[in-house]
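Input: a single structure, listed below in structure tokens.
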Amino acid sequence: AERLPIAIPRFELFGRACDDFPYTFIGYRKLPGTPIQLGTSVELSPSGERAIARQLGSFLGALHASTPAVDRCELPLRQPLLQSEPAYHWRENIAALRETDATLAARVEQVLEAQPAFESPVNEGVLIHADLDLEHILIDPERERVTGIIDWGDVALGPAAHDFVGMYGWRGPRFVEQVLEHYAGPVTTRDFAWLRLRSLSIALGNIAYGKLAERDSYVRAGLHAVRTVLA
């Protein structure tokens, strides 16, 4: 937390497993802000968009350069399949989009059927959040600023590009280019082909999950990402 320019949870309470609840658990002070997922259609001013891009770029640069957590614990390594086939789960989830918008589903299917094979890993072995989707990025819509990054349960070693997937689906490649202007790390615009396919795959997963769990915010965010990526 001390090394990152955006607030993250600081664990202060540590619960022990017991007979009534046989799991460990933690507690931290609630961070301010609203998940982007609940307001994907929020209009940002040009200056607000640049400010958020600057925040996210600085944050990801610091995170991907960080090593202390790696030194203190063993972290999972994101499987190579993710790097070579970023949309490998899409066939399991396309039906949910087809039920909602058959025309849009056909466009997505055409893109993903033609996805290339990525022969070499897309940046491997840096410390990543690994689930930096829109429900985990908190913003203050009025001030147009990021206020926190939450849910670190999937933190891992893996391709740095993985942490750009959510923002690619949120505002597209132009926004990611703005983020990269403030990012000191291994991701560049050459990763955009991988990001495009991964963003579609994650969007399909959000739609399928949203329908299954009856959580409309996931369905809306998934549809928004699909349309943004295909625009």
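Listing for the model above:
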quantity: Restricting region 174-201 to residues that are open to solvent by 50 Å² or more (accessible area, probe 1.4 Å) and not acidic (Asp, Glu), the residue that is modelled with the lowest pLDDT; calculated: Arg190
quantity: Options Glu85, Glu74; residue that is among the charged types (D, E, K, R), without any contact (Cβ under 8 Å) to a residue 24 or more places away in the chain and either surrounded by 17 or more Cβ atoms within 10 Å (Cβ to Cβ) or more than 25 Å from Asn206 (Cα to Cα) (or both); calculated: Glu74
quantity: Residues located in region 74-92, provided they are under 18 Å from the mean Cα position of the chain (by Cα) and at pLDDT 90 or above; calculated: Pro86, Ala87, Trp90
quantity: Total residues in region 15-34, condition more than 15 Å from Ile150 (Cα to Cα) and of a type in the set (Val, Ile, Thr); calculated: 1
quantity: Residue check, Glu214 open to solvent by 50 Å² or more (accessible area, probe 1.4 Å) and farther than 26 Å from Lys30 by Cα; calculated: no
quantity: Any hit, region 18-25, residues being in contact with a Gly (Cβ under 7 Å, 6 or more places away or on another chain) and either free of Cβ contacts under 8 Å to residues at least 24 places away in the same chain or polar (S, T, N, Q) (or both); calculated: yes
quantity: Top-ranked residue of region 1-17 - restricted to ones that are of a type in the set (A, V, I, L, M, F, W, C) and touching a Gly at 6+ places or on another chain (Cβ under 9 Å), ranked as modelled with the lowest pLDDT; calculated: Phe11
quantity: Sole exception among (1) of a type in the set (A, V, I, L, M, F, W, C); (2) touching a Phe, Trp or Tyr at 6+ places or on another chain (Cβ under 6 Å); (3) part of a loop (DSSP other than H, G, I, E, B); (4) closer than 23 Å to Ile128 by Cβ for Leu60, by number; calculated: (3)
quantity: Wholly enclosed strands (runs of 3 or more DSSP E) of region 104-157 bearing at least 3 residues open to solvent by less than 20 Å² (accessible area, probe 1.4 Å); calculated: 137-140, 145-149
quantity: Meets criteria (touching a residue at least 12 places away in the same chain (Cβ under 8 Å), of a type in the set (A, V, I, L, M, F, W, C), closer than 24 Å to Thr188 by Cα and assigned to a helix (DSSP H, G or I)) for Leu97; calculated: no
quantity: Matching residues in region 41-65 - criterion: being open to solvent by less than 10 Å² (accessible area, probe 1.4 Å) and more than 19 Å from the chain's Cα centre (by Cα); calculated: Gly48
quantity: Filter pass, Phe192 being over 19 Å from Ser58 (Cβ atoms), in contact with a helix residue (DSSP H, G or I) (Cβ under 8 Å, 6 or more places away or on another chain) and either of a type in the set (Phe, Trp, Tyr) or not in a helix (DSSP H, G or I) (or both); calculated: yes
quantity: Some residue of region 9-25 being closer than 18 Å to Asp140 by Cα and either in contact with an Asp or Glu (Cβ under 7 Å, 6 or more places away or on another chain) or open to solvent by less than 80 Å² (accessible area, probe 1.4 Å) (or both); calculated: yes
quantity: Conditions (1) surrounded by 16 or more Cβ atoms within 10 Å (Cβ to Cβ); (2) in a loop (DSSP other than H, G, I, E, B); (3) among the acidic types (Asp, Glu): number failed by Glu2; calculated: (1)
quantity: Any pair with Cβ under 9 angstrom, 6 or more apart, that starts in region 211-222 at a residue that is free of Cβ contacts under 8 Å to residues at least 40 places away in the same chain and ends at one that is open to solvent by 30 Å² or more (accessible area, probe 1.4 Å); calculated: Arg215/Tyr209
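The values are calculated or read from the model by the stated rules, or taken from the named source; none is laboratory data. Please read these numbers as outputs of a predicted model, since none were measured by experiment. Using ideal geometry, Cβ is built from the backbone for each residue, glycine included, and neighbour counts are taken over all protein chains shown. Just the protein is used for accessible areas: all its heavy atoms, side chains included, with ligands, DNA and RNA removed. Shrake-Rupley method; radii C 1.70, N 1.55, O 1.52, S 1.80 Å.
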